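Okay, so here's the structure we're looking at.
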Amino acid sequence: MPKEIPLANGGFSSFSPDGKKLAYNNVFREFRTWKRYQGGMADNIRIFDFDTKQSETVTHDARQDVFPMWAANGTEIYYLSDQDNDIMNLYVYDLGTKQSRQLTHYTDYDIKFPAIGHDQIVYEQGGYLYKFDTRTKTPQKVTVEIENDQVYSRPGLKDVSGQITAVSFSPVKERLLVTARGDVFSVPAREGITYNLTDSSNANDREAEWSPDGSRIAYISDKDGEFAIYVRDMENGQEKRITDKALKTYIFGLAWSPDSRKLLWSDKRNTLNITDVATGRTTEVEKSGEDIFRSYNWSPDSRYVVYVRPGKDINDIVVYGIADKQKHLITDGWYDVASPNFSTDGRYLLFASARTFNPTYGQTEWNHVYTDMFKVYLLPLAEGATDPFAPAKRRERTRREKRYRRASPRLRLHEPRQPDCGVAGSAFVLL
């Protein structure tokens, strides 16, 4: 019948070869998520004697000493510890000298879940298996080969209609640029042939965009090992990489300038960038200390860029001048904003903003919530730009004028519409 070991607590353990003693951890905490722990639950190696029913702590380190493994020779206990270089390595405790020494010296990844069998210890380190010879005190990498039929790596035809991630229309709306399953396709709007433009099963091609003049497309790909921006000539099929090979980050959406000369894009480094397509020169517009730039657009004349600057609590809208590299803060940080864009004539800036406060109160508790706070706003940018949605202002007619109008229906008195319903810089809400 199994018998309970008379220990109040216990974790990883290993019997001595004669079965008279047990090397063990008093606390079981290997599956915790933190590393380099040296608090009150940092464990040591203990030995329990079944004859005397006494326990003795044999290691006294500030860090973790875990996974005790009693060697077949009966004189050594192997274990893991990160006491010396912050990485879990293999140590051995000599029962005769009562001293410990380090056996492996990994500096990148921890040794995980070792197990002993006679004179060999097997463990995982950095995704590889190793066996450690307790006689020679040397590790050896174990080569593992798993033979299979490679079913999922065989060439085959795939229906990618359900895996579309991005769509871009050609300027004349005759074809669509479709990104699906890591490839870029040119698809006819009505009838015609679908072309796989990249045809790269070994790369993730994504977020393709047609240039406004229709001569080129731009897309993001990791075909060279890291994500980069590529531009392809739609006439001759030639393409080039326009971002630096030293760039190692995740790139987000592309936005062509209306003159088809530049590309606006952001990345996981929290930077917003403009790249000249002809020269490949990249200008960093801004680097955020808070978050990724997710919303940005061009002015119709390609002279300005508008974008949302991520804030800690509230975002702001900024207009950036391409020529002078000057930034103009449009909003004041009081209300959250999103999706800024220029009107087609460039005279207005449109954006969404959460500045509508209509609280709804509960009937059973005196609580309130704010919903539907975002509305679309219009901001005049040019001198003399008026509110296009303002009602015409008319003068109240006198009774005599009204009687005269009824008597002479062909004659009408009009008051001209006032030229300015607001000044540049004042926002009008579009209800």
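The values are calculated or read from the model by the stated rules, or taken from the named source; none is laboratory data. Model, not experiment: these values are computed from the prediction. Don't worry about glycine lacking a Cβ; one is built from the backbone with ideal geometry, like all the others, and counts go over all protein chains shown. Each accessible area value is taken on the protein alone, full model and side chains, heavy atoms only, with ligands, DNA and RNA left out. Shrake-Rupley method; radii C 1.70, N 1.55, O 1.52, S 1.80 Å.
Using the structure shown, decide if Glu174 is over 20 Å from Asp233 (Cα atoms), at pLDDT below 95, exposed (fewer than 13 other Cβ atoms within 10 Å of the Cβ) and among the acidic types (Asp, Glu). Judged against the criteria, Glu174 is not a match. One residue stands out among those in the stretch 203-227 that are charged (D, E, K, R) and without any contact (Cβ under 8 Å) to a residue 40 or more places away in the chain: the one that is least open to solvent (accessible area, probe 1.4 Å), which is Asp205. Residue under question is Glu383, and the condition is that it be in contact (Cβ under 8 Å) with a residue 40 or more places away in the chain, over 25 Å from Ala255 (Cα atoms) and not hydroxyl-bearing (Ser, Thr, Tyr); does it hold? Criteria met by Glu383.
The residues on offer are Thr364, Thr344, Thr360, and the sole one that is exposed (fewer than 12 other Cβ atoms within 10 Å of the Cβ), polar (S, T, N, Q), modelled with pLDDT under 95 and not in a loop (DSSP other than H, G, I, E, B) is Thr360. Residues in the stretch 96-132 that are at pLDDT 95 or above, open to solvent by 40 Å² or more (accessible area, probe 1.4 Å) and of a type in the set (A, V, I, L, M, F, W, C): 4 in all.
Among the residues in the stretch 260-279, are any of a type outside the set (A, V, I, L, M, F, W, C), on the phi > 0 side of the Ramachandran plot and touching a residue at least 12 places away in the same chain (Cβ under 8 Å)? Yes: the stretch 260-279 contains one or more residues that are of a type outside the set (A, V, I, L, M, F, W, C), on the phi > 0 side of the Ramachandran plot and touching a residue at least 12 places away in the same chain (Cβ under 8 Å). The single condition among (1) open to solvent by less than 70 Å² (accessible area, probe 1.4 Å); (2) assigned to a loop (DSSP other than H, G, I, E, B); (3) over 18 Å from Pro17 (Cα atoms) that Asp84 does not meet is (1). Scanning the stretch 30-81 for residues that are crowded, with 16+ Cβ neighbours inside 10 Å, aliphatic (A, V, I, L, M) and more than 26 Å from Asp133 (Cβ to Cβ) returns a single hit, Ala42. Among the strands (runs of 3 or more DSSP E) confined to the stretch 1-64, the ones with at least 2 residues that are hydrophobic (A, V, I, L, M, F, W, C) and either within 48 Å of the chain's Cα centre (by Cα) or over 20 Å from Lys112 (Cβ atoms) (or both) are located at 21-25, 45-49. Checked against (1) under 20 Å from the mean Cα position of the chain (by Cα); (2) surrounded by 15 or more Cβ atoms within 10 Å (Cβ to Cβ); (3) free of Cβ contacts under 8 Å to residues at least 40 places away in the same chain, Ser200 passes all but a single condition, namely (1).
Kindly provide the set of residues from the stretch 259-296 that are within 20 Å of Asp213 (Cβ to Cβ), touching a Pro at 6+ places or on another chain (Cβ under 8 Å) and crowded, with 17+ Cβ neighbours inside 10 Å, ordered by number. Correct list: Ser260 only. Just wondering, is there one or more residues in the stretch 134-150 that are at pLDDT below 95 and aliphatic (A, V, I, L, M)? Scanning the stretch 134-150, I find at least one residue that is at pLDDT below 95 and aliphatic (A, V, I, L, M), so the answer is yes.
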